[in-house]
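A quick write-up on the structure given underneath.
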Amino acid sequence: MGKQTTDFRYNTGATKVPWAAVGENYNAQDLMQIIEFLMQGEGKEYEEAIAAVRENIERLGAISHSPGKLSLGSKVEEAEAACDRYLRQPGSLFVTNATAGFEIAYKYANLKPGDEVIVPAITFVATMAYPLAVGAKLVFADVDPRTINMDPADVARKITDKTKMIVPVHIGGYPVDMDPIMELARKHNILVLEDAAHAFGAMYKGRMVGTIGDFGGFSFHEVKNITSFGEGGILTTSIPGFAAEMKRARFLGLDFTKPIKDWLYNITPIPGKEKPFVAGNSSTTEIQALGLSLQMERNEKIIAERRAAAEYLTKRFAENDAIIPQKVQEKDIQPTFHLYLLQIDPQKAGGNVQTLKKKLEEKSVTNIPHFGPLYRFAIVEQMGYDADEIAKTCPVCEEVFYNRFTHLPLYGLNEEQLVYMADAVLEAVAEMQAGK
């Protein structure tokens, strides 16, 4: 079967001597390896089924041809269009991961040394990676003790005339209180980047999370509610006229509207808030896009299943007032339930969450202490920050991280596992209260 020649960079019409868009195509044997990776198993029945699939894949390989493109083609466009419909906002950009999307937003802000970026004290390192890399100053906002999200009141206290961006993070898929943050941002001419890595499908007061700020970034890493074959991200923008420029920002500023002499295209800078910036390369593959489109179709079902698990845990944990359960849903707030936020009152529980974590581990219950004070990382201290001084400005963060909270898994659990987890948490807290 001949190679397809549909990519603009290699063939602009019928040719006798083509340069195929895909240098080396994947064949039936390669596809079989992918199937065996995605659908693993063992035993006689599995081996028989795999043998039958292999035979049919080989037959299919003899009568089919390979795709003309593996990146930035129709499947990427289809996934972006599906995201537009789902998020109720045009201009979704599919990129390699959420971190790459954040970088485009930060570049639009024209961050430079001395500029200040307010981030929550508790989140994942990707939130702060680009500002730290370019020498912007990180300002850590304390967290709300109930949700572990950025506290708008502390953001207000920490804004200065150097503040360029505010980056609220919807931890665990529970929406940040965005209204006061947006009010502050508009008052001070500050850009807002929503780190919605956990929150694809969450809603805040009738709006989809990730479409409220100037930018929103979602993650489709393998551990998220849905994935695009292990990695991927969507960047959105509400900045008028910037969505089209964002498309060029994904792939090195490629520009067909201003081709250089005797050529197909040009490479032009991307307009930023104050001055243009140089685009990088965060292109995604057609396979990733197909994976995202397929899982996006069942995202609401996934959220509903996670919500049911969270509701069960919250109901069970009400049996002991030392446990502060996850908020399941409030008026106008719809989380994605990526993780279950479990907190305890140390005085009522007879100990802090570090003791609870150990007890849960002994009972073979996974808990997820994945999000901690960013300012405690060595990379932050080695870039000149004083962790102990920052900690004094984030007392709630220090208290909840060391004494009160962890996260529990919510998905992929059968009824027996969910009941066991609830029992184990209740038993562990009861043991702490009894001094055991």
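The values are calculated or read from the model by the stated rules, or taken from the named source; none is laboratory data. Predicted model only: the values in this text are computed from it and were never measured. Here the Cβ positions follow ideal geometry from the backbone for every residue, glycine too, while neighbour counts run over all protein chains shown. Please note that ligands, DNA and RNA were not included when accessible areas were found on the heavy atoms of the full protein model with its side chains. Shrake-Rupley method; radii C 1.70, N 1.55, O 1.52, S 1.80 Å.
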| query | Within the range 373-409, can you find the residues that are open to solvent by less than 10 Å² (accessible area, probe 1.4 Å) and either at pLDDT below 95 or polar (S, T, N, Q) (or both)? | reply | T406
| query | Give me the pairs: first residue in the range 388-402 and within 18 Å of N352 (Cβ to Cβ) and part of a helix (DSSP H, G or I), second residue modelled with pLDDT of 95 or more and among the charged types (D, E, K, R), beta-carbon distance under 6 Å, and six or more apart or on different chains, which are they? | reply | A391/E398; V396/D142; C397/D142
| field | From the options M208, M150, residue that is open to solvent by less than 20 Å² (accessible area, probe 1.4 Å), closer than 30 Å to N367 by Cβ and without any contact (Cβ under 8 Å) to a residue 40 or more places away in the chain | value | M150
| message | Regarding the range 224-242, can at least one residue be identified that is under 30 Å from P409 (Cβ atoms), open to solvent by less than 30 Å² (accessible area, probe 1.4 Å), polar (S, T, N, Q) and in a helix (DSSP H, G or I)? | response | no
| said: Suppose we filter the range 318-341 for residues that are out of contact with any helix residue (DSSP H, G or I) (no Cβ under 7 Å at 6 or more places or on another chain), closer than 25 Å to M432 by Cα and either among the basic types (K, R) or touching a residue at least 40 places away in the same chain (Cβ under 8 Å) (or both); how many remain? | reply: 2
| said: It is to be established whether one or more residues within the range 413-435 are surrounded by fewer than 21 Cβ atoms within 10 Å (Cβ to Cβ), over 14 Å from A121 (Cβ atoms) and among the β-branched types (V, I, T). | reply: yes
| note | Counting only residues in the range 366-387 that are aliphatic (A, V, I, L, M) and part of a loop (DSSP other than H, G, I, E, B), the one farthest from I122 (Cα to Cα) is identified as M383
| said: Just to verify a result, which residue in the range 170-189, among those that are touching a helix residue (DSSP H, G or I) at 6+ places or on another chain (Cβ under 6 Å) and either aromatic (F, W, Y) or part of a helix (DSSP H, G or I) (or both), is least open to solvent (accessible area, probe 1.4 Å)? | reply: I181
| If you take the residues of the range 57-90 that are in contact with a Phe, Trp or Tyr (Cβ under 8 Å, 6 or more places away or on another chain) and open to solvent by less than 40 Å² (accessible area, probe 1.4 Å), which of them is modelled with the lowest pLDDT? | S66
| remark: Within the range 267-286, residues in contact (Cβ under 8 Å) with a residue 12 or more places away in the chain, over 19 Å from the mean Cα position of the chain (by Cα) and either within 30 Å of G201 (Cα to Cα) or open to solvent by less than 100 Å² (accessible area, probe 1.4 Å) (or both) come out as I267, T268, P269, I270, P271, G272, K273, F277, A279, G280, E286
| request: Enumerate the strands (runs of 3 or more DSSP E) found wholly within the range 104-169, keeping only those where 1 or more residues are within 16 Å of Y385 (Cα to Cα). | output: 116-120, 137-141
| remark: V192 meets each of (1) surrounded by 24 or more Cβ atoms within 10 Å (Cβ to Cβ); (2) more than 15 Å from the chain's Cα centre (by Cα); (3) in a strand (DSSP E or B) with one exception, condition (1)
| Looking at the range 403-411, is at least one residue in contact with a Pro (Cβ under 8 Å, 6 or more places away or on another chain) and either in a helix (DSSP H, G or I) or among the aliphatic types (A, V, I, L, M) (or both)? | yes
| Any residue at all in the range 346-363 that is under 25 Å from the mean Cα position of the chain (by Cα), modelled with pLDDT of 95 or more and among the β-branched types (V, I, T)? | no
| request: Test L313 against the criterion of being over 28 Å from I190 (Cα atoms), crowded, with 17+ Cβ neighbours inside 10 Å, aliphatic (A, V, I, L, M) and under 19 Å from the mean Cα position of the chain (by Cα), and give yes or no. | output: no
| query | What residue, of D255, D262, is of a type in the set (D, E) and either within 27 Å of the chain's Cα centre (by Cα) or open to solvent by less than 70 Å² (accessible area, probe 1.4 Å) (or both)? | reply | D255
| query | Considering the range 351-365 alone, what residues qualify as being of a type outside the set (S, T, N, Q), assigned to a loop (DSSP other than H, G, I, E, B) and surrounded by fewer than 18 Cβ atoms within 10 Å (Cβ to Cβ)? | reply | K363
